[in-house]
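The values are calculated or read from the model by the stated rules, or taken from the named source; none is laboratory data. Model, not experiment: these values are computed from the prediction. Here the Cβ positions follow ideal geometry from the backbone for every residue, glycine too, while neighbour counts run over all protein chains shown. These accessible areas exclude ligands, DNA and RNA; they are computed on the full protein's heavy atoms, side chains included. Shrake-Rupley method; radii C 1.70, N 1.55, O 1.52, S 1.80 Å.
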Amino acid sequence: MTDTLLEIDHLSVDYETGRGDLKALRDITFDVNKGEIVGIVGESGCGKSTLISSILRLTAPNTRFREGEIRFKGQDLLQASERHMRDLRGADISIVFQDPMQTHNPVLTIGQQMLDIQHRSKQSKADKLAHAAKMLGAVGIPDPEARLKQYPHEFSGGMRQRIAIAMALMSEPDLLIADEPTTALDATLEVQIIERLQELQREFHCAILFISHHLGVIAELCDRVVVMYAGAVVESGEVREIFHNSKHPYTRRLIECDPGHIKERARVLPTIPGEVPDLANLPGGCIFRDRCDQAMARCATEVPPLDQLKEGHHAACWLNHEEVTT
Amino acid sequence: MEKSHSELGQIIVGVARDPLGLMGLIIVGVIVFCAIFAYWIVPYDPIAMDIKSRLQGPSSAHLLGTDQLGRDTFSRVIAGGQVALKVALPAVFGAMAIGLTLGMIAGYGPKWLDNLLMLFFDTIRSFPTVMFALAVVALIGPSLQTVVFVVMATSIPTYGRVARTQTLTLRNSEFILAERSMGASMARILGVHMLPNIIGVLAVLAAMDIPTVIALEAGLSFLGLGVKPPTPSWGALLKDGYSLIRQTPWLVVGGGLPIILATLGFTFLGESLRDVVDPKLRKQR
Ligand SMILES: Nc1ncnc2c1ncn2[C@@H]1O[C@H](COP(=O)(O)OP(=O)(O)OP(=O)(O)O)[C@@H](O)[C@H]1O
Ligand code: SF4
Ligand SMILES: [Mg+2]
């Protein structure tokens, strides 16, 4: 009996475009255990949203799953029926999106929306409303009964994001996916939401897959972190290990620029000179080569494999191989 | 449900605060009142002939005079209003309901279905209304139902296209993606989440459409394609007035004035409604 909840196993996903296949995800492998918080960091365009939409199987029509599996509680979601996926969404797997100003229906009250989201439950309407009010209280919305009668535009951005979190946790999911839930909020609100999320996680014991641009938030919240670059995992491991003993030049550059304090924020990831490779026309060798100041001859010809360096610490860089061989 | 009542109340208050909206509300109110209570308002039977007192001018006995058969024009104007609404309301609401359904299916369904429905809408729209009416009248004969059918069929595409555009925009909106991510079925997304976002726009369109439909009914009756002769209709009044303009100008007034008033009233109401409903939607987004 393992306590693995979600296993991403050698997942490769392409987008079919006019320029040929855009290899948005390549050979992604990592796990999320029950009750664990795993962070995913990476620049814009590295494939974070593609990964989430693949897990939920709500991908764009031009998406092609090339290889690999996404196993949730042991079952491959890429093979599951549409009906089964719909049953999982919002029940076992929930999601909170980036922009709280966009994620609620503008013409329905929060109460109506929270009722609607409980459509699977056989409880009476009064019980459902009571449950909704309780959840609003749990995320720190004062006077929840009265606020259920209000429309989304009557709430601030921070409140709306709390409501989104309340709605996502309503069904007590096993996995909560948070796609940059605090990027659209200012720093103080961000800290509040993160703290609230930590409390709720302890209460509900759900696993969280937390996507962020902000290393400080990841350091504060997560147990483990997966660093993605141009559609591939370049490093993954425990947060402390990654921050103090990083084994990939890309991760090290990220940490240099954003030292990982939740209160000092870098809103956008620091810019590292050089260009991200064209995903539709990938060069051979290491994908980070153009921007790496430690690149060697070997990096231009051979793709570094994602190796386990230590229990639970993986990195894809030839530098580690030098270390291993010497 | 008391929720939606207060919502409706808010909208009505909003319209009444706007002077043009208030005017529209009053005019439409009077027209609707007269139509509902026409039976008690008319001083004479609108189709009763009285040859002795034909083609009279206004008098205390006949407020708007009489026509070539001695029928009381005022009574015919009031009863004509009832006919106009009997055509306009079912036609507009029928067209709205059908257009809404087809438009949402087109906007949310697969591409081939969308293309098929758009082809259907474009085909209907490409017929000139009068030609279409002529064909239908030739097939099933002139009657109130024929007019309702013609008007409804010709306005379905307008509602359908607006509903489709709205659905297409909503479909890619983030809150719909959020609903899908939370496991909502297609029926739930369309019925619970999209419909309330679309209905407001269509209601405004319907209010603005009613005068067009009233004018269309009058036009068809004027051409003899509308309601059958003894039935009072503003268009029929206008037609009689047109041919008898040298004998008495009052028939044209009786037929024309209510059409103008109804057009203004519903247009004011529709525009004011749009201003009340729209900024609200914008603020909520
Ligand atoms: N439907 C699509 N068709 C073609 N290319 C796409 C499509 N969706 C995304 N892409 C491309 O795939 C790559 C990964 O995109 P994705 O949205 O997953 O990145 P992301 O990490 O979520 O970025 P961000 O931080 O900006 O949200 C990008 O290069 C993007 O341009
Ligand atoms: S493999 Fe080479 S190019 Fe790639 S990150 Fe390591 S050192 Fe840099
Ligand atoms: Mg994204």
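Data overview
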| quantity | calculated |
| --- | --- |
| Summed buried accessible area for A+B [probe radius 1.4 Å, Å², rounded to 100] | 2300 Å² |
| Signed unit charges on C-beta, dipole axis of the protein assembly as shown, positive-most listed residue A:Val239, A:Leu11, A:Ile52 | A:Ile52 |
| Ranked order, B:Met186, A:Met114 - accessible area, probe 1.4 Å, largest first | B:Met186, A:Met114 |
| Threshold 20 Å², segment A:84-101 residues less accessible with all protein chains present than alone (1.4 Å probe) | A:Arg86, A:Arg89, A:Gly90, A:Ile95, A:Phe97 |
| Over 22 Å (Cα to Cα) - which of A:Lys34/A:Lys122; A:Lys48/A:Lys310; B:Lys86/B:Lys239; B:Lys86/B:Lys228; A:Lys128/A:Lys149; B:Lys52/B:Lys228 fall in this group | A:Lys34/A:Lys122; A:Lys48/A:Lys310; B:Lys52/B:Lys228 |
| Simple spin-label estimate for B:Leu257 and B:Ile26 in nanometres, 7 Å along Cα-Cβ | 1.6 nm |
| Top of A:Ala315, A:Ala80, A:Ala178 by mean-square fluctuation, Gaussian network on chain A, Cα under 10 Å | A:Ala80 |
| For the protein assembly as shown, alpha-carbon Rg over 2.2 N^0.38 Å | 1.32 |
| Value of Rg/Rh across segment B:193-285 [Cα atoms, Kirkwood radius] | 1.19 |
| Largest-first ordering by accessible area, 1.4 Å probe, given options B:Ile31, A:Ile93 | B:Ile31, A:Ile93 |
| Pairwise centroid distance, computed over Cα atoms, of segment A:286-319 with segment B:214-268, Å | 84 Å |
| Label point distance in nm, B:Leu264-A:Gln294, each placed 7 Å from Cα along Cα→Cβ | 8.3 nm |
| Simple label model, 7 Å out from Cα along Cβ direction - A:Arg240 to A:Gln308, nm | 2.1 nm |
| Hypothetical label at A:Lys34: residues of segment A:204-231 whose amide nitrogen lies under 13 Å (7 Å Cα-Cβ projection) | A:205-207 |
| Cα-derived Rg over Rh, computed across segment B:63-263 with Rh taken as Kirkwood radius | 1.12 |
| Of A:Ala300, A:Ala138, A:Ala164, the one that fluctuates the most in a GNM where chain A has Cα springs shorter than 10 Å | A:Ala300 |
| At R0 = 45 Å, FRET efficiency that the Cβ-Cβ distance of B:Val130 and A:Thr17 yields, to 0.05 | 0.35 |
| Over segment B:63-263, relative contact order from alpha-carbon pairs under 8 Å, at least 6 apart, % | 30 percent |
| The protein assembly as shown - Cys residues lacking any other Cys C-beta under 4.7 Å | A:Cys46, A:Cys206, A:Cys222, A:Cys257, A:Cys292, A:Cys317, B:Cys34 |
| Accessible-area composition of segment B:63-263, carbon plus sulfur, in percent [1.4 Å probe] | 73 percent |
| Counting DSSP beta bridges with both ends in chain A, the antiparallel % (nearest 5) | 60 percent |
| Debye log10 I(q)/I(0) for chain A, one point scatterer per Cα, at q = 0.08, 0.13, 0.15 Å⁻¹ | -0.39, -0.99, -1.27 |
| For segment B:63-263: accessible area per residue (Å², 1.4 Å) | 41 Å² |
| Selected from A:Arg64, A:Arg202, A:Arg162 as most flexible by GNM, with chain A as the system and alpha-carbon contacts under 10 Å | A:Arg202 |
| Rounded to the nearest 10 Å², the accessible area of B:Lys228 at probe 1.4 Å | 110 Å² |
| By accessible area with a 1.4 Å probe, ligands and nucleic acids excluded, highest first: order of B:Phe175, B:Phe127 | B:Phe127, B:Phe175 |
| Percent of beta bridges antiparallel (DSSP, the protein assembly as shown, rounded to nearest 5) | 65 percent |
| For segment A:70-137 and segment B:139-189, distance of Cα centres in Å | 27 Å |
